[in-house]
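One structure is given below, encoded as structure tokens.
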Amino acid sequence: MSQYTTADVLIVGGSIAGLAAAITAKEHDPSLNVTVVEKYTSGYAGKANRGAGVILVLGESTPEEFAQFYLRHIGMYLNNQRALLQYASMLNSNVEILDKWSGRIVKDENGKVRTSKWTSGPVARNEDGTLRFAETVEYPWELATVDLDYVLKIYGYARRKGVKFINRVGMVDLLTDDGRIAGIVGYDIDDGTQRVLTAKSVVLACGNQDWRVSPMWSPARGEGISAAFRIGARFVNCEFGSFYNWISLENFESEMGAEYALYNDKGENIGLRTVKDVHSDINAESLAEWYKQTVAGNGPMHHRVRENPLLPSLESMMDAEVMRARPFATRFWNTLMFNAFSQKTNDEVVPGLVGEFGGLWVDEDMATTVPGLFAAGDICVQGSRAWGAVAQPGRHRGSGIAFGTYSGRVAGPSAATYAAGAQVPIAHDEQITAIDARFNAPLNSDGSLKPLELVAEIQKVMQPVGNSLYRHEQRLRSALARIEDLKALLPQLWATDPHHAFGANEVAAMLLCSEMFFKASLERRESLGWFLREDCPEPSPDGPHWVIVENEEGQVSVSKQRVPLEDYPYQP
Amino acid sequence: MNTIIVNNELCNGCKICFKACFIDVIKWDAEARRPIIAFPEECVQCMFCEINCTQRALKVHPKYDSYMFPRENLA
């Protein structure tokens, strides 16, 4: 039996981006029915409450200073500069609004938001060639902090403002009516009941694709991406969706700044040679150096923590006062760190794939190319082109919550405005029937392949640094061929309950995202910013261009589009 | 795999551990008003069930060496 629900604005995803979109849509037009549908439980779901709880702000810098620095050193002019400036101009007010919604931003005794300077980076070299660090490097941004129960507080705020919530219903596909959005089809994750939710506008805020490699990024399985692809939405910058963290294989926790103190097994420091004077966070070159050393037989690589110059500044950022002001975050991190380090026995570090693949194209109103479909949060970080030639978190930590809040604040009013002027769409039965057949196929399958078995095979293709970071045409073609082989196994997936039926849908999304990633990577024949090609080591002489990914009769099709620099204020 | 232990005596059936799980490892037994640790093999030791439990009725013991990670496919 299907259950039908109608909303004006439907938000998919109940973490920070979805909640920001829901609250601002409702504020924009209180007469609208604004409903959030969340696969798990809003307030607890998603990734925004399981990170460091740091939030990027401009501090005393201007949006123009931030944008110019960012274009030159990080985005490599592969940005939509209007989106970058809009993002920058909303960074400070993000924190004020998050505090209004949650009361959880850390402030001083005068009620002023406490911030710290980002100090990751050397300012100069000493005479002996070693790096010199200062307490305050002139990065044009600062970091505020928030206690990690803030998402739960914002969930409460949204409910008090009249936003409706449907928890434990996972979206599996989008509905369209004559080319515009008409709603979603989802299923109850506990009993498998089909839920059809029609809406005049939809905001996808259900996360990106992380291939379940890194533990804390596990919920991002790309169902929103694949659903948007199936109805013909455009994607861009998909080849930048391969962030790696330095991690220990013994506990998978991040080891920030390992590139400063990275040694091969011969005892040679192999990280410092890749560290540039402007080094705002982990760089692709140091990860590529790990690959080259490993292939040359010089591994394993070691992180000599005591030599990591970042450590004191990381510790001072999380000073005692901030810790005291964040009881929940303190409990969270103390528990994680106790577990992680009580089982750690060696200093080996490896690049661990985080992914953060979110190339859903949006304009400055957070509108996708499908009328009535908007996006916010991780799903459209690369697709917004605000950050350019870099993987999320964009070499500026604290950007996840910042982008989620910013994009939600833009998407909410945009979706509300669209809904206020739109007719009630029709949910077409033939679409619902086809979606039902696709979702339930593993439950009726005579195959024997469990979703997790296929996830493990996908991870073997996505994790290798030679496939997903330091790329080469030959390796990319092999990886793509393996993904095609795995796609052929999809009909053999077998499920006995809703949990595993969702697992099968997630695996299909993982394979589609992998295909988009490798095809886009093949199209970008250059090395630029985070994107490295062993066989194309220089930036393209043709200048900055975007790789567009589109659905052409069900197939992943790629093309190039020149970045319209002449329309933007800043030139290389 | 990770081990999640529930102390059914201390548990007051508040459902927070079930709500706190962000990847559907924990299901809910509505009749018994207790969590069901349904898919421990998928647990990623985020610890939200344990630290959100007001009764200290649940513990997670991570076993990192069993975590699904393509260890042989790093380079």
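Number of residues in region A:189-205 that are open to solvent by 10 Å² or more (accessible area, probe 1.4 Å) and within 12 Å of chain B (Cβ to nearest Cβ) equals 2.
The set of residues from region A:514-555 being farther than 14 Å from A:H472 by Cα, aliphatic (A, V, I, L, M) and surrounded by fewer than 20 Cβ atoms within 10 Å (Cβ to Cβ) comprises just one member, A:I548. For region A:273-288, a residue qualifies if it is part of a helix (DSSP H, G or I), open to solvent by less than 20 Å² (accessible area, probe 1.4 Å) and of a type outside the set (A, V, I, L, M), and the qualifying residues are A:T274, A:S286. If a residue must be in contact with a strand residue (DSSP E or B) (Cβ under 9 Å, 6 or more places away or on another chain) and open to solvent by less than 60 Å² (accessible area, probe 1.4 Å), how many such residues does region B:54-69 contain? The number of residues fulfilling the criteria is 5.
Screening A:K292 on (1) outside any strand (DSSP E or B); (2) touching a helix residue (DSSP H, G or I) at 6+ places or on another chain (Cβ under 9 Å); (3) within 14 Å of chain B (Cβ to nearest Cβ) shows it passes everything except condition (2). Just one of the numbered conditions (1) away from every other protein chain (no Cβ under 14 Å); (2) not in a strand (DSSP E or B) is not true of A:A340: (1). Restricting attention to region A:255-272, the residues that are assigned to a loop (DSSP other than H, G, I, E, B) and either free of Cβ contacts under 8 Å to residues at least 12 places away in the same chain or open to solvent by 10 Å² or more (accessible area, probe 1.4 Å) (or both) total 6. Just one residue in the set A:A376, A:A367, A:A420 is surrounded by fewer than 20 Cβ atoms within 10 Å (Cβ to Cβ) and either at pLDDT below 95 or on the phi < 0 side of the Ramachandran plot (or both); that residue is A:A420.
Scanning region A:343-364 for residues that are open to solvent by less than 10 Å² (accessible area, probe 1.4 Å), more than 10 Å from every other protein chain (Cβ to nearest Cβ) and either of a type in the set (D, E, K, R) or not in a loop (DSSP other than H, G, I, E, B) (or both) returns A:V354, A:G355, A:F357, A:L360. Say we look at region A:295-308 and pick out the residues that are over 17 Å from A:Q463 (Cβ atoms), open to solvent by 40 Å² or more (accessible area, probe 1.4 Å) and assigned to a loop (DSSP other than H, G, I, E, B); which of these is farthest from the other protein chains (Cβ to nearest Cβ)? In this case the residue turns out to be A:R304.
Of the residues in region A:151-159, not one is in a strand (DSSP E or B), on the phi < 0 side of the Ramachandran plot, in contact (Cβ under 8 Å) with a residue 40 or more places away in the chain and more than 24 Å from the chain's Cα centre (by Cα). The combined condition, being basic (K, R), out of contact with any strand residue (DSSP E or B) (no Cβ under 6 Å at 6 or more places or on another chain) and away from every other protein chain (no Cβ under 13 Å), is not fulfilled by A:R221.
Criterion first (modelled with pLDDT of 95 or more and surrounded by fewer than 17 Cβ atoms within 10 Å (Cβ to Cβ)) does A:A456 satisfy it? Criteria met by A:A456.
The values are calculated or read from the model by the stated rules, or taken from the named source; none is laboratory data. No experiment lies behind these values; they were computed from the predicted model shown. Cβ atoms come from the backbone with ideal geometry, glycine included; neighbour counts cover every protein chain shown. Note: areas computed on protein heavy atoms with side chains; ligands, DNA, RNA excluded. Shrake-Rupley method; radii C 1.70, N 1.55, O 1.52, S 1.80 Å.
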